[in-house]
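K.L.:
Mind having a look at this structure? Questions to follow.
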Amino acid sequence: MHKEIDTANLKEAQWWEPVEKNKILCTLCPRYCKIGEGQPGFCYIRQNLKGKLYTIGYGRPTGFAIDPIEKKPLNHFFPGTSILSFGTAGCNLGCKFCQNWSMSKAKLDELHSLSASPEEVVQLAKRYHVPSIAYTYNDPTIFGEYVIDISRIGRREGIKSVMVTAGYIDKKARKDVYKYIDAANVDLKGFTERFYQKLTFSSLKDVLDTLVWLKNETDVWFEITTLLIPGENDSVEEIQAECDWILKNLGDSVPLHFTAFHPDFRMLDKDRTPVSTLKTARKIAIGSGIKFCYTGNVHDPEGQTTFCPACHNALLKRDWHDVIKYNLKDDACPDCKTKIPGRFNLTYSPSYN
Ligand code: SF4
């Protein structure tokens, strides 16, 4: 029997328009779902109810965790601090190798979602003395209205906001969603349209467009992560092409992370990424001129250290997600005074309750 949903307590979505035959066009991401009455879009948490689009993930996180910021990964955004992290059900991509599929592939009613208003999320960060909030685990693009409301309050209260995202978002909607965002880690999942279409059901060109927009038209600090999957996106040619594109379009100072894949979801037939593949990728990046390149999800002390690009002084040493040596003077190398790009001086002073 069709269950009638009460829309009184739901949040109407911000990016949609009516189209033919009682359908709605969702204009939040480049998938542009046309959604019939009573149906959800591809991401499950945006639904056409009585001719309006609702964001049914609004205020419904699947749980909270306090993580090291290095886990996002962000290595140049207040290193050594903690970040309150949460996501919701659903996702607007369909990655066969999803490393977090129990949430991203779940419909809202399959998870024990909590209820938390934007004010409550910000208060939670303050209560635990955490300077930033991460919208993460699934892709926060799909709960953009919730992101805007939390990050707006967070900005007022001295709490920073971080998107951990695939960057697959509409050109107009992204201006709204990122208005109060301080930092982002964008997954650049591969460097061919073949990879994006076959294994993520999305497109490379839209993600590259978001990266260029972040660089040229926002003040958002961002880093890039590429999960290297054996035999799919780890060839020397593909990694070289990615590095060349980054250098040409974003410059040499955007940190790049190469991380190890583990078999998951619909990709159980692949092996874990060998450490040697990550080290080779890092070598290609640095040899091409990228100043800050890291390896992740493996034990590789050198690949997790921030070196001064001028005098090669080890400035920040990490062991997995822990910072074990912090040798920056403000935002510069203490020896040669070269400035390190990023955000290093935490000037906020929230009044905690
Ligand atoms: S945000 Fe969701 S409903 Fe909207 S176009 Fe993207 S996948 Fe479809």
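Read-outs: derived from the displayed coordinates by stated rules, not from any lab. Keep in mind the model is a prediction, meaning the values are calculated, not measured. Methodologically, a virtual Cβ is constructed for each residue, glycine included, from the backbone with ideal geometry; neighbour enumeration extends over all protein chains shown.
K.L.:
State the number of lysine pairs found in region 140-198 whose Cα atoms come within less than 20 Å, restricting to pairs 8 or more positions apart or on distinct chains.
P.N.:
5
K.L.:
Starting at the first residue of region 338-345, write each ³J(HN,Hα) from the Karplus equation 6.51 cos²θ - 1.76 cosθ + 1.60 with θ = phi - 60°, in whole Hz, x for Gly and Pro.
P.N.:
Once rounded to whole Hz, the list reads 5, 6, 9, x, x, 10, 10, 9.
K.L.:
Would you work out the charge dipole size for region 256-333 about its Cα centre, treating the Cβ of every Lys and Arg as +1 and the Cβ of every Asp and Glu as -1, and quote it to the nearest 20 debye?
P.N.:
Approximately 180 debye in magnitude.
K.L.:
Helix 118-127: angle to the longest alpha-carbon principal axis of the chain, degrees 0 to 90, nearest 10?
P.N.:
Around 40 degrees separate the two axes.
K.L.:
Also: Bin width 5 Å, origin at 0, all Cα-Cα pairs of region 249-307: what percent of pairs per bin?
P.N.:
4, 19, 26, 20, 14, 10, 6, 1
K.L.:
Same structure again: Taking the Cα atoms of the chain alone, what are Rg (to one decimal) and Dmax (as a whole number) in Å?
P.N.:
20.3, 71
K.L.:
Hey, what did the chain get for relative contact order, percent, Cα under 8 Å, at least 6 apart?
P.N.:
13
K.L.:
Using 26 Å as the Cα-Cα cut-off, could you pick out the over-long pairs in Lys71/Lys96; Lys205/Lys291; Lys34/Lys72; Lys205/Lys248?
P.N.:
Lys34/Lys72
K.L.:
Please report the relative contact order for region 145-195, taking Cα pairs under 8 Å with a sequence separation of at least 6, and give it as a percent rounded to a whole number.
P.N.:
Dividing the mean separation by the residue count of region 145-195 yields 42 percent.
K.L.:
Divide by every residue of the chain the summed helix terms, -39500 (n - 2.57) for each DSSP H run of at least 4, and state the resulting mean residue ellipticity at 222 nm, rounded to the nearest 500 deg cm²/dmol.
P.N.:
Helix-only estimate at 222 nm: -7000 deg cm²/dmol.
K.L.:
For the chain, take the longest principal axis of its alpha carbons; what is the angle in degrees between that and the long axis of helix 275-288, to the nearest 10 within 0 to 90?
P.N.:
The two axes meet at around 70 degrees.
K.L.:
Placing +1 at every Lys and Arg Cβ and -1 at every Asp and Glu Cβ, with all other atoms neutral, what dipole size does the chain have around its Cα centre, in debye to the nearest 20?
P.N.:
320
K.L.:
Ok, one more. Using all Cα-Cα distances in region 161-218, what percent lands in each 5 angstrom bin from 0 up to the longest?
P.N.:
Going from the shortest bin to the longest, the percentages are 4, 19, 31, 24, 13, 8, 1.
K.L.:
Would you mind checking the tilt of helix 236-249 against the longest principal axis of the Cα atoms of the chain, expressed as 0 to 90 degrees and rounded to 10?
P.N.:
80
K.L.:
R0 = 22 Å: FRET efficiency of Glu119 with Thr7, Cβ-based, nearest 0.05?
P.N.:
0.50
K.L.:
Okay, moving on. Starting from the Kirkwood Rh over alpha-carbon pairs, what translational D in µm² s⁻¹ does region 32-103 have by Stokes-Einstein at 10 °C and 1.306 mPa s?
P.N.:
It diffuses with D of about 110 µm²/s by this estimate.
K.L.:
Which far-off residues, 5 or more places away or on another chain, put their amide H under 5 Å from the one on Leu315, with H placed in the peptide plane?
P.N.:
Residues meeting the criterion, in which the H sits 1.01 Å from N, are Thr306, Phe307, Cys308.
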